[in-house]
Structure formats: structure tokens, C-alpha cells
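A short worksheet on the structure shown next.
The values are calculated or read from the model by the stated rules, or taken from the named source; none is laboratory data. What you see is a predicted model; the values in this text were computed from it and never measured. Ideal geometry is used to build each Cβ from the backbone, glycine not excepted, and the neighbour counts take in all protein chains shown. Please note that ligands, DNA and RNA were not included when accessible areas were found on the heavy atoms of the full protein model with its side chains. Shrake-Rupley method; radii C 1.70, N 1.55, O 1.52, S 1.80 Å.
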Amino acid sequence: MSDVVEKTLTALPSLLSLDTQSGAGKLSATSKLGNLIRSLTELTSKHEEEKLIKKELAAIKEQVSSPNTPLRQMKEIMVRAVYCEMLGYEASFSYIHAIKLAQQGSVLEKRVGYLAVSLFLNESHDLLLLLVNTVLKDLQSTNLIEVCMALTVVSQIFPKDMIPAVLPLVEDKLTHSKEIIRRKAVLALYKFYLIAPNQVQHIHDKFRKALCDKDPGVMTASLHIYLQMIKENPDGFKELTGSFVTILRQVVGGKLPVDFNYHSVPAPWLQIQLLRMLAFLGKEDQSTSEMMYEVLDESLRRAEINHNITYAILYECVKTIYTIHPKSELLEKAAKCVGKFVLSPKINLKYLGLKALTYVVQQDPNLALQHQMTIIECLDHPDSIIKRETLELLYRITNGQNVAVIVERMLDFLRLGKGEHTTIDLVGKVAELAEKYAPDNGWFIQTMNTVFFLGGDMMQPEIPNNFLRLLAEGFDNADENRQLRLYAVDSYLSLLQTDASSLPQRFLQVISWVLGEFSFLKTGLEPTVVLVHFGRLLEQDRITTETKIWILSAMCKLCRGEACMEEAAQRYSSSLSTTLRQQALELHTLSQNEGLRASVLPRDASWDELEMDSSLSFLDGFVSDALAQGAAPYKPPHQRQEELSQEKVLNFEPYGLLLPVSLSAGSLTDRQSPTGLSLSSGLSGNSADLPHKGGSNTLKLEGVRRVWGKEGYLLEKEAEVETAVVVPSPLESSRQQDDAERAPLDAPALGPTAEYEQVKQQLASSLFVGLGPQNEPCLMGKSDAPLQRFRRKNKAQELPVDTRKKLTDTYSSHNTVDSLLDKDLLDSLSSPQGEGQTRPQDTPLHSDLKDTLKSQAVDRLSRVEGESELLGGDMELEPFSEQSHRQAEPLGLGLMSRLPLELCELGHSQILNLSSDHTLSLSVCKVYREDALVLVIFICNTSSSPVDEISVQLSSEELKVLDGLDGALPALESHGMETFRCSMVMETPLVQSSVSGTVTYHACAGLAHELQFSLGLTLVDFIRPLLLSTEDYGKLWLAFNHDVKQNLQLLADQEDSLSATLNTLTEKLQLHLVDIIGMEGIVACQLLPGRPCLLHCHAHTGSLAVWLRSPVPDLPDCLLYHCQKALRER
Amino acid sequence: MMRFLLLFSRQGKLRLQKWFTPLGEREKKKIVRDMTMMVLPRPPRSCNFLLWRDLKIVYKRYASLYFCCGLEPQDNELLALEVLHRYVELLDKYFGNVCELDIIFNFEKAYFILDEFLMGGEVQETSKLSVAKSMEESDLLQETMEEYMSKPTF
């Protein structure tokens, strides 16, 4: 059959059907795909389906590989291949043909080709590379549809490393005359922003243009990018608040074309997008929030139609109102709204109402009280998602008095087994509540037992670790300590008497550690009894090696040279697991030597400080003996690797191939433990000895202590039992009665329904006890002391995950030593000869730096003496200093002289204003020390009265603060000035980051004030030169495995453009220029703490090809961004 | 941002899948399996929202077809429900009283409509007219092309 005839035949059915049917419906019902689908539906078994599809795929394969198949038919075949893939059968042979179809076909076939490509290939597929040229061609096409298709496919499957290829063309489309193209281009850029934010940094002003586009569709699309950017950095976009408010007001007022209405609601998607942005902008910012009150009020008012979409807007409105700086009128309206949701008969709305309650309950616990009866109903709702959300809500209102009831409910839910994710989440919450509010020892241990049992091996490892820490660390009351431990021992012994092998491994590990450590507390308990239990456990098949190690290490603590120990030690001393083997050998040795055991594992001393010799100096003798006997000296892995690569004599490549070695930061620095073994066994044996001692995130010990032994718990228990009592039980305290009275359904106790109501009421009073404003005033943080409120406020306004993170970073202890140190320094500064008297010793890096940079010295700080000029001038960052110069002129000069002497020597920024109020004014100076960035914070008292009890807390989510996280000052006299210092490094590379902090102080009237500030930092603040020789550079280059290549612009106006460009870069970014050879230059730098990054630059035809390499994944990307910026801003 | 959108029948047969974030084949299959297992047994008139790992699942049944999408934690569930509804409206407008068979036999059209409506997991075109218009435009093109293709035979 000739091609032509076949073409006609395939075209015929669709043409016929076009005549009879409107639109495109049922078009291909008679096509081959239709036949396939129809014959599939007639099949009865999976096996037959498999056979049929196999046959189909074979036919497809034959057709696609035949060179005579016309593209038109190819389109139809491709659709069938997609169908087969959707059914779960692989058709990978057709992928390449899909690309071909997209490449060669006319618009129609192209469309199917692109669709097939986007369904077949994922971001990491090799064949994608073949698509780049097609996409480029289509982006430049004059056919709108082709451009649209190309933009769609770009946003769907293009991976990070292919974005640069299409970026310029997509950018051009932002100015296209058709709004549909502009809109798609904006969305494609949004997708790029999500994948690789650094690559689209430079087009921010074009985004701004898109925001102002005359077409509302384009403007809406650009909001996606803005939402993302505002979320990451709300401070950078405050000035846009006014515009967003105006847009929202126009939308709400119905100023958009009717086209954008959805069920007669104007542009709901746009409204919700704007509301979300306003929430980010107004958060913790009173003045910005004030701009939006009016429009929020209007949004609430306008959304009155009874339709899902209005509820969607209302829900978002409520969230925004509760996120921004509060205004009582709006809060009232929002609360009413939440009430509407909660009471709605529609289950979706009820669910969202519960979610909203969860969100607002910490600010407004009364709202939960108002709806307590609904909440109780939801607790027994047949739909488990509602139940789950209710528990989430209860978790937020838990206090010392209702903890037992709530935890019981949560555990009930857990017992139903609702998937791994839910279990992990809930188990964590129960453990947290139990630690915080446990009413007594017995309850606590029992609850934790259930947690370990239900959480099994899924739960986060912190839970058992925290629990063991709590037991080991103890608290002030020694008697309580003993009781708690004893209770744990008792409960575990009884567990072991039953069949313990079915317990989760983690639980067994906890049990073995506790018994090993504390079983001596139980009088009359022979260690042999415990040891026999352990011995039985060891014989179980289900016990993992890790658990065996824990058990053996517990045995070490108990053994007295019994025979059974010897047997166990013997059995595992030939185990394949080295850790287990070592533990067995330790057991063997210790069980025979009582004296040694007592000194190695002293009783009841698990929490005493251990002295660690991290340099392993006790091995020095051993090492020197071995060396004397001719052993080869130890070489760290990277050194060995380098030597290996050097041995390859024939190396034609300038820098060789990429070697599969990843250089960890640790291996660069100092010697490593040659025996990883001893370390790991120490960890497994005493895992409660975690390195982050004293971290405030793990244990809220004060919480535990505060509520223990209260009689409130007992009362609730009674209340729960006496469910059928008609009159309120006399045992109930008056406060519970109060709560019950507030309940909306105060039913008279008559008949069975009334009795049921009574049950619910009882439950309500036990759940909501302590929630009212008159009870437990400190609970919701309304009248807390300022320091505590800082913590709680975080909790109230953020999701729980964030909270935990925040709390980790926020310490509130007072560190007086630090501030004293600074004071001394200041004293020596203020004396006339202070400067220059106590110059610290120059470290090697320091002096080297001076040598290399001497030629580039720029004099900035000539009033400070000699040597600091060189460094100070050079390390200045242009963009920063210029900005700050303007702001800080009036006070900057005065403060600069107050910089601690040792820091004066180093390069530093101008002084920046941070924040101020009527009493204090804060400013900061960034000092570029070679091992860290030091922030010197100046606190000036600008008022005429003294201020007491100043304390400073700093926190940063992304940066690592080395020291000076917080500090305190007893007093600051009128017009006095003090400094605080803190140093930080950037552990993971980021283009920019921020540090925020709070200063709290008491003014003259004794009132507590709080002043918050935040400071943006960039990667450049943490970049220091890395001094290397060319040879070292070559060696290191080989060892690094993360690289990025990009072309940068050369500075064209100069004679020697390469060296001019490189000098600009090294000056601005504090890099070290290693060498320039012909048209190539090599540059090195390090990101504090000691993460190297190498740049290889090659100049050709007006551009500079830069190749960056580093052992740290994101560092090349981030540094490249700053290189671009530095060159552009020049 | 929407992470994925799945259409499956009451029997759990996949009718359409759209992934807005890169995932491996295995992971995709697992998600499809989990979704059908979670959604299909739910009784009528229960809540349309579910939780799965760290995602919110919003689903809705239209006749014999389930529309199910995965959202990120900060997204608005009700709005997603309306996104699904709007998609059904668009299908309805295009096919004229759409039924499951239309989507089975013309699934590529359903994909095209979806691509006009959503891009990168966000609603691209909220105006119903525009989507219909851009679909019509390309269909018009299709018709002329087909005429053109059938001509040379004679």
C-alpha cells in the first residue's frame, strides 16, 4: 500500500466523525486506539491484558522503527504508546521517536510529541538533551502555538543544568506582544526560580515589570514568583505592600473583567494569592499590618455567598488576620468566621474549621472553649481525618491538668494504626507532652512504654534519646530522681518477665540501657536476675545486632564474672560485626576484672562529664614506637588519593578526570581517629551522653518539675470515672464547674440522651480544664515574663516544626563572662595609649595575607594605625560600604573607635544601624576575622535615664554561631554605650542569609521592653582568601567533585582585561589570585569554616569562562552568583 | 503548589496522571497505588481532604471518575477542590456533557486542556473563556491541517 493511500485511510475516520459530531468529542472512537481500548475492556483477566498489550507494543515497535511510517501516523502510534505506559507497561523504545516527533512534526504532531515526551521522560533522563535544540527552535518560532508548546514543555521537564540554555529566550518572551506568551514565560521562570533560584536572580526587575503588566493574567502569574520570594525574605519586599493592598482592593471591588469571575466571585485565585503574601508581609510588623486592615475587613465582608470558593477566601483571610499584627475588631470577625466553619454541617468546612482553631487557639484559647462541645463530637467522628485534626487541636491546648485525658485519646488513635507518617508524628507529640506535663512518675513511665511500643522502630530516634537523657540527667530533687528511675526499672523487669522478644528493637535498647544503669537502685534485686533476662533476650532470633550491642554493654555494667557472661562474650567474640565483637571482648575483659570495671563504668555516673581526648594523644607512644620500627606514617584519605593520582605518569588532561572521591571537611583539617571502632562503641554504650548538652530543645525540665506532684491529675481521673453522676461531682474543683457552665449545651440531666450529654460534658471539663483566662495565667503566654514570652510567641505563631527549630537556636541564659571581657577591652580602648599596646600575635594566615594583598591596598581607615589599613581597606566590600556609609555617617565615626582593639586590626564594614527605639539604639559592625565573621553590636542608651538588665539573644536558622549567642549586662547608664560580640560561620553555602536577635531591657520604671532586629548577611561575608601554590591548586582541583561552569562578562574597557577582571573579583569577594598563565587564571578561596572553592578562569572572545569546583555541593553555585553580581555592579 | 493530579476510575484504573515535581517511576507507581487505596474505600459524603505523608490530598468524585490531587502543606484545600471543579467544567465545555469514555478515548485532549489550565502546579488561566479559546484555536488548526493532509491524495 502506498503512503498516500494509507494517509488517506487514517485521515478518513476522523474526517467523517468531524461531520457528525460537534467539537472534538468521540473523535477517535473508531481509531486504532479506540480498538485497543475496546478490546481491553472485553478482557477478563490481567493475564490476557498483558498478552494483548505485549502484542500491541510489538506492533508499535515495528511501526515506529520502519522508516516509511509517516509522521501523521506516528502521532497516532505515540498516543497508543502513551496509553500503554499509563497502564503500567514500559514502552521505552518509543521515547526517542517521541522526541523525533516533537522535532520534525508540524504543529499537530509536535504537540503530541511534546506531550509524549513530558509523560515519558523525567528530569534526569539522558534523552532530554536531544530535545534542547528543538525547544530552542520552537521558542524562536513565529507560530504562537509552537512557542506556547515550547514554554509548556520547558516548565514541565527541564532540569537545573539545562536552564541556562533556554533562559535568555524565555526571558525575551516577557516582552512578547501576546499576553498568553508573557504569562507562560512568567510561569516558566517561576518554575526555574523553584528549581534554581540563583540562575534567575538577575531578572528581578523584569519580574517587577510583569507585576505591572496591563494584562491581569500576567500579573497573576508573576505573583507566584513574588509569593515565593516574599516567603524567603519578607523584609525585602515591604515596599510592595501598598501595591498588593491596592490590587486586592480592586479585585474585591469587582474591577477586573467579568471573565475572571468564578461562580460570580472575582478572581478567587488572585485574591488568595494576595492574602497569602499579605500574611508574610504583615507578620510581626505593626506598621505594615496597619496598611492592610481595611482591605481584609472588606474581603471578609464581601465573601458572603454560600459557595465553596467564598469559604476558601474566608479561610485564607482568617489565616492572614491571625498571622499579622493583631487588631481586635478583625480578630473578632475572624473568630466569628471560624465559628461558622466549625459549626457548619458540611464536613469539609468543619475540618477546615478545626484546622483554623488549631491555628488560632494559642492566641485565643477562649475560642476553643466556646466550641468545646463540637470538638468533643469531632473526637468521636467516624471519619478518621476529622479525629486526627481534633487531636492536633487538643495537642495545642494541652496543659498540666488535661494531659492525661488528651494523651490517652492520642494513644487510642495510635492503636488504630493509621499509617507510618501519622504514627511518627503523633508518637513525637505524645512523647513531648508526656515530658512536659507528666503528672507523676508512674504515668510518665507507662505512657513512654506505650509510646515505645506503638512507635516501634518508626519513631524518630530523638524520642528514646531524650527519654534516656531525662533519666540520666535527673533534676534537682534527688528523691524524685530515684523514684522515677526505680519505677522504670520495676516496669521493665515486669515486661521482661513476659515475652519481650516481640517488643520493638528501640524499646529493648531503652530497657537494656536503663536496667544496666539503674537496676542497682532496686534493693534485693540480684544482678544475676537481670543478666538471665538479658541472656534469654540474646538468644532470640528477632533481636538485631544493634540491640545485641546495647544488651552486651548493659551486661558489662552488671557482670561479676559469672559463667553465663563468659559464654555470651565467647559467642560474639567472633561475630562479623566489628562493633559487636569489640563489645563482646570488652565484656570478657571487664567481667574478670572488678577493679577495672569500677573505674571504667562507675555506678550512677552516666551523666558525669567525661573527659574526651579527641586528639587521641594516649596513642602517641604507640604511634612513635610503630614509626621507629619502620611503619609507614598515617596519611589521610585525600592525601593517599592525590598520591595515587600523581603516580599516573601519562596525564594528558590539564586537570585530569573527575575522581570519585568526596573530600569531607573533616579530613582536610586534622588527624582522624585511626580506630573508628572505639568511638562507635562508646556511643552505643552511653548514647545518653549526647554531644549537645544543655540544649534547650530537648528537655523542658522546668516544665516537668513544675507540675509534678500536683493533685489536679487525681481530680480529673475521678471526673472521668464518675460519668453517670447527675449533679456535678463534689470532687470537681470550682474551676471545672466554671468551664462546664460556659459550655453551650448545659442540658438538664434527664433520660438517656441527657445522660450521654452528661458524659460529653464530663469529658469536656476534663479536656478543657485550665484553659480559661482565670486559670493558669501563664499557660498561653499572655502575662509571661518577657523572656518566656519570646519563646512562646514563636510557638503561637508558627507551625510546630518551625517552633522546635527556633527553640533550638534560641538560648536565653545570661552569659556575663562575655560582656565582662568586652568591657575590659573597652576600658583599654578608652585610655589614650590603648591602641597598639596589646596587639595580638599575627597568625600565619594573617601575615601571608598582608604580603599578597599589599599591592592592592586601598586606604580607607587611615586613622587607625599602619598595618590594619592594608587589611581593612582591602576587605571592604564595595556595595555594602557604600550603602551603609550613607545611613551611618552621623554615628559611624564615633562608634568605630569603640571597636574592640583586636578587631580594629582586621577588615570590617562600616557601621550599620540595626534598630532603635526611644531608649536604645543598636548598630552593628561586621568584622572579617580570618576564621569567622564577627558581629560587634553597639548598644547605645540615647535616653537620659539609665537602663538595667539588658540581655541580648541572637539566633539564626542557617548560620552557625560559634560564640556569643547571648549576653547580659546589669545596667547601662544614660548616654552610655556597650558592645556585644558574636562570631559565626556559614556551614552550608547560601547566597544570602540573615541573623535576627532581640534585646530586652528594663527601663527606669521597671518596665520590660523588647527591641528586635535582624541583619542580612551574604556569602561574601564568609569568604576568605585561600593561599595556595599552583601545584597545590592542581592537586586539590582533582579532589573536588562539585563543579559549575558559566560564562561571565569580561571587563572590556581595560588593557589587560583578564587580569583586570580577576583583580576586581579578588578585591570584591576576597579571593586569592593564585596565578595567571596566558589567557587562563586560577583563583582560590574558602568559605568559613574552611570549605575550599577553586575557580579556573579562561578568557576568550570577550567573555570569561569560569569553572568552579568545591567539595561542598552548593558552594560553586552561590559563589558564581556573587561573581556575576560583583562584575555587574562594577 | 499542586504536586500531582490523578484521575482514576472506580475500579482503580488510572485515566490520567500529571506530575508537577520530578519523581521516579517507582515512586509514581507507589503514589498511584496509595491514592487509589486511600480514596476508593471512602464512604460517600465523607471529608474530601486527606493526609498522606507530608502532603494534603484533595479528591472529588464526578460520576464514575475520581479526581485526586496532592498539595503542599500551605495550600488551600477548598481552593484545590475548586481547581478540580474548574477542570471538570473545562472538560465539559470542550467535550459537551463529558463522561468517562470521552476521557478514556481522548485522553491526549484531556492532557492538552490540563496544560492550558495548569502550569508548573499553579493555575495558569483562571478565565474559562481563554482556555476554551486557546483549545479552539489549536483545534481549528487541526481541522485545516487535516483538510490539507487529505488533499494531495487526489
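Structure data summary
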{"item": "Ranked by how many other beta carbons lie within 10 Å on average, peptides A:1089-1100, A:491-502 from highest", "result": "A:1089-1100, A:491-502"}
{"item": "Minimum 30 Å² accessible area buried by the other protein chains, the stretch A:102-129 residues, probe 1.4 Å, relative to alone", "result": "A:Leu108, A:Arg111, A:Leu115, A:Leu119, A:Asn122, A:Glu123"}
{"item": "Residues of the stretch B:1-96: accessible area per residue with a 1.4 Å probe, Å²", "result": "39"}
{"item": "Cα convex hull of the stretch A:479-538 - mean projected area over all directions, nm²", "result": "3.9"}
{"item": "Residue-wise HN-Hα coupling along the stretch A:1018-1032, computed from phi with Karplus coefficients 6.51, -1.76, 1.60 (Hz; x: Gly, Pro)", "result": "10, 4, 4, 4, 10, 8, 10, x, 10, 8, 9, 8, 4, 5, 4"}
{"item": "Test item: B:38-49 mean partner chain Cβ contacts at 10 Å", "result": "4"}
{"item": "Peptide A:138-149, shielding by other chains (average Cβ, 10 Å cutoff)", "result": "1"}
{"item": "Spacing of the two label points (7 Å from each Cα toward its C-beta) at A:Lys137 and A:Glu298, in nm", "result": "5.2"}
{"item": "The stretch A:415-470 - Kirkwood radius from inverse mean 1/r over Cα pairs (Å)", "result": "11.3"}
{"item": "Separation between Cα centres of the stretch A:498-513 and the stretch B:42-56, rounded to whole Å", "result": "35"}
{"item": "Integer Hz, Karplus 6.51/-1.76/1.60 couplings in order for the stretch A:300-311, x for Gly and Pro", "result": "4, 5, 6, 7, 10, 5, 7, 9, 3, 5, 5, 5"}
{"item": "Inter-label distance for A:Glu949 and B:Arg61, nm, one decimal - labels placed 7 Å from Cα along Cα-to-Cβ", "result": "6.2"}
{"item": "Extension gain (nm, one decimal) between A:Lys1045 and A:Lys635, 0.36 nm per residue minus Cα-Cα", "result": "144.4 nm"}
{"item": "Residues of the stretch A:248-280 buried by at least 20 Å² on assembly (accessible area, 1.4 Å probe, chain alone as reference)", "result": "A:Asp259, A:Phe260, A:Tyr262, A:His263, A:Trp269, A:Ile272, A:Arg276"}
{"item": "Ellipsoid semi-axes in whole angstrom, largest first, where each is sqrt(5λ) of the Cα gyration tensor of the stretch A:436-539", "result": "20, 19, 11"}
{"item": "Distance from the stretch A:1053-1086 to the stretch A:266-325 (C-alpha centre basis), Å", "result": "51"}
{"item": "Cα-derived Rg over Rh, computed across the stretch A:60-117 with Rh taken as Kirkwood radius", "result": "0.93"}
{"item": "Within 10 Å of each Cβ in A:375-388, the average number of Cβ atoms from other chains", "result": "2"}
{"item": "Listed pairs A:Lys110/B:Lys13; A:Lys926/A:Lys1068; A:Lys283/A:Lys327 exceeding 19 Å between Cα atoms", "result": "A:Lys110/B:Lys13"}
{"item": "Mean projected area in nm² (Cα convex hull; one quarter of hull surface) for the stretch B:38-94", "result": "4.1"}
{"item": "Semi-axes of the equivalent ellipsoid for the stretch A:120-169, Cα gyration tensor, largest first, Å", "result": "18, 11, 9"}
{"item": "For the stretch A:918-925, Karplus couplings with θ = phi - 60° (6.51, -1.76, 1.60), whole Hz, Gly/Pro x", "result": "5, 10, 10, 10, 10, 9, 9, 10"}
{"item": "Sequence ranges A:1056-1065, B:27-36, A:44-53, A:151-160, ranked by mean other-Cβ count within 10 angstrom, highest first", "result": "A:151-160, A:1056-1065, B:27-36, A:44-53"}
{"item": "Sites matching trypsin sites (Lys or Arg not before Pro) across the stretch A:204-255 that sit in DSSP coil, with at most 10 neighbouring C-beta atoms within 10 Å", "result": "A:Lys214"}
{"item": "Probe 1.4 Å, accessible area per residue of the stretch A:152-269, Å²", "result": "38"}
{"item": "Value of relative contact order over the stretch A:94-196, rounded to a whole percent, pairs C-alpha under 8 Å and six or more apart", "result": "22"}
{"item": "DSSP-loop trypsin sites (Lys or Arg not before Pro) across the stretch A:302-353, with at most 13 other Cβ within 10 angstrom", "result": "none"}
{"item": "Ordering of A:312-318, A:633-639 by burial proxy (mean other Cβ atoms within 10 Å per residue, highest first)", "result": "A:312-318, A:633-639"}
{"item": "Amide proton proximity set for A:Leu1017, modelled H, under 5 Å, gap of 5+", "result": "A:Ser993, A:Ser994, A:Val995"}
{"item": "Heavy-atom accessible surface of the stretch A:1060-1123: percent carbon and sulfur, 1.4 Å", "result": "56"}
{"item": "Listed pairs A:Lys55/B:Lys18; A:Lys160/A:Lys1045; B:Lys109/B:Lys133 exceeding 21 Å between Cα atoms", "result": "A:Lys55/B:Lys18"}
{"item": "Rg/Rg_globular for the stretch A:503-641, with Rg_globular taken as 2.2 N^0.38 Å and Rg from C-alpha atoms", "result": "1.27"}
{"item": "Pairwise burial A:B, computed as accessible area of each alone minus the pair, summed, 1.4 Å, Å²", "result": "6600"}
{"item": "Rg and Dmax of the stretch A:272-377, Cα atoms only, in Å", "result": "13.2, 41"}
{"item": "Whole-percent carbon and sulfur share, accessible surface of the stretch A:352-464, 1.4 Å", "result": "50"}
{"item": "Longest to shortest principal axis, alpha-carbon extents of the stretch A:120-250, angstrom", "result": "46, 30, 24"}
{"item": "For the stretch A:982-1109, accessible area per residue (1.4 Å probe, heavy atoms of protein chains only), Å²", "result": "36"}
{"item": "Carbon and sulfur %, accessible surface of the stretch A:62-126 computed with the full protein complex present, 1.4 Å", "result": "48"}
{"item": "Solvent-accessible area lost in complex, 30 Å² minimum, residues of the stretch A:393-421 relative to chain alone, 1.4 Å", "result": "A:His421"}
{"item": "B:Arg15 long-range amide H proximity, modeled H, under 5 Å", "result": "B:Leu7, B:Phe8, B:Ser9"}
{"item": "Diffusion coefficient, µm² s⁻¹, Stokes-Einstein with Kirkwood Rh over alpha-carbon pairs of the stretch A:982-1130 at 37 °C and 0.692 mPa s", "result": "196"}
